[in-house]
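Trainee: Below you'll find the structure I mean.
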Amino acid sequence: MPEATPGALSIALQLAEQRIEDLMAVGGPVMWPLAAVSVLLWTLIVERYWALFRLLPLVFGDLPPPKSAADRITTLNTARLALQRHLRMIRTLAGILPMLGLLGTVTGIVETFDLIRLFGSADPRIIAHGVSQALITTLSGLVMGLFGVGLGYHLARRARFLERGVAENLSRR
């Protein structure tokens with residue numbers, strides 16, 4: 001396997017950037033909100049995985065022993081809030097992405113019919129451009145949303161598992 005050089009990495013990054021710019025241009029104006037929501041979604045997903053990794057010691061015994069039942073409930077509720085943080089927002093953003101893709105689909109189709117009306121004919125290039133825009137935004141919204149739904153589900157399951165671990169840890173003390 002050839003060794004990666006800084007020059008080769010720079011060229012690969014420039015090509016990737018060019019492909020992303022091309023995709024954004026072909027997909028139309030709805031691609032920008034799709035990209036913004038996707039970046040926010042991935043930021044929250046990475047934050048949740050990092051937070052769950054940091055909260056693992058709570059499950060495995062680094063909790064101070066509770067002094068009373070009220071202290072136990074407070075600790076459990078604090079852990080629950082920490083574990084559930086941003087999960088609802090992740091689910092919401094994952095649901096918004098396919099809707100933005102659908103908005104891009106409608107925008108592309110409307111643009112196509114507008115161009116047909118303007119030029120008075122159904123030139124295949126005009127139709128191809130509008131359909132391409134519609135399909136790219138649809139695909140982008142669905143792919144981004146599916147990853148968000150899957151990872152959001154995994155994060156929620158992981159949070160419930162850790163929450164049970166914290167509760168068991170507190171009940172043993």
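Trainee: I need the full set of residues from the range 105-141 which are among the charged types (D, E, K, R) and surrounded by 14 or more Cβ atoms within 10 Å (Cβ to Cβ), in order please. Talk me through it step by step, then tell me what you get.
Mentor: Initial filter on the range 105-141 (among the charged types (D, E, K, R)): 111, 114, 117, 123, 125.
Once the filter is applied, which keeps residues that are among the charged types (D, E, K, R) and surrounded by 14 or more Cβ atoms within 10 Å (Cβ to Cβ), the range 105-141 yields only Glu111.
Trainee: To continue, here is another question. Output the residue which, of all residues in the range 116-171 that are farther than 24 Å from Gly27 by Cβ and among the acidic types (Asp, Glu), is nearest to the chain's Cα centre (by Cα).
Mentor: Once the filter is applied, the top-ranked residue is Glu163.
Trainee: Hey, among Met144, Met89, which residue is surrounded by fewer than 18 Cβ atoms within 10 Å (Cβ to Cβ) and part of a helix (DSSP H, G or I)?
Mentor: Numbers: Met144 fails: surrounded by fewer than 18 Cβ atoms within 10 Å (Cβ to Cβ).
None of the others qualify; the one that does is Met89.
Trainee: In addition: Report whether or not Leu23 is at pLDDT below 85, within 23 Å of His129 (Cα to Cα) and part of a helix (DSSP H, G or I).
Mentor: On the way: at pLDDT below 85: yes; within 23 Å of His129 (Cα to Cα): yes; part of a helix (DSSP H, G or I): yes.
The answer is yes for Leu23.
Trainee: Further question on the same structure: Go through the residues of the range 43-51 one by one and say whether even a single one is at pLDDT below 90, in a helix (DSSP H, G or I) and within 30 Å of Leu139 (Cβ to Cβ). It would help to see each step written out before you state the result.
Mentor: Step one: filter the range 43-51 for residues at pLDDT below 90, giving 50-51.
Next, from what is left, pick out any that are in a helix (DSSP H, G or I): 50-51.
Among the residues that remain, those that are also within 30 Å of Leu139 (Cβ to Cβ) are: 50.
Checking the range 43-51: at least one residue is at pLDDT below 90, in a helix (DSSP H, G or I) and within 30 Å of Leu139 (Cβ to Cβ).
Trainee: Does at least one position in the range 65-81 carry a residue that is under 18 Å from Trp50 (Cβ atoms), out of contact with any Cys (no Cβ under 9 Å at 6 or more places or on another chain) and surrounded by 14 or more Cβ atoms within 10 Å (Cβ to Cβ)? Break it down into steps so the answer makes sense when it comes.
Mentor: Initial filter on the range 65-81 (under 18 Å from Trp50 (Cβ atoms)): 79, 81.
Narrowing the set further to residues that are out of contact with any Cys (no Cβ under 9 Å at 6 or more places or on another chain) leaves 79, 81.
Right, trim to surrounded by 14 or more Cβ atoms within 10 Å (Cβ to Cβ) and you get 79.
Yes; the residues of the range 65-81 include at least one that is under 18 Å from Trp50 (Cβ atoms), out of contact with any Cys (no Cβ under 9 Å at 6 or more places or on another chain) and surrounded by 14 or more Cβ atoms within 10 Å (Cβ to Cβ).
Trainee: Enumerate the pairs (first residue in the range 122-139 and closer than 14 Å to Val106 by Cβ; second residue anywhere and surrounded by 14 or more Cβ atoms within 10 Å (Cβ to Cβ) and polar (S, T, N, Q)) with beta-carbon separation below 7 Å, excluding pairs fewer than 6 apart on the same chain, so at least 6 apart or on different chains.
Mentor: Cβ pairs passing all conditions: Gly130/Thr112; Val131/Thr112; Ala134/Thr105; Thr137/Thr105; Thr138/Thr105.
The values are calculated or read from the model by the stated rules, or taken from the named source; none is laboratory data. Note that this is a predicted model, so its numbers are computed, not measured. Reconstructed Cβ throughout: ideal geometry from the backbone, glycine too, with neighbour counts over all protein chains shown.
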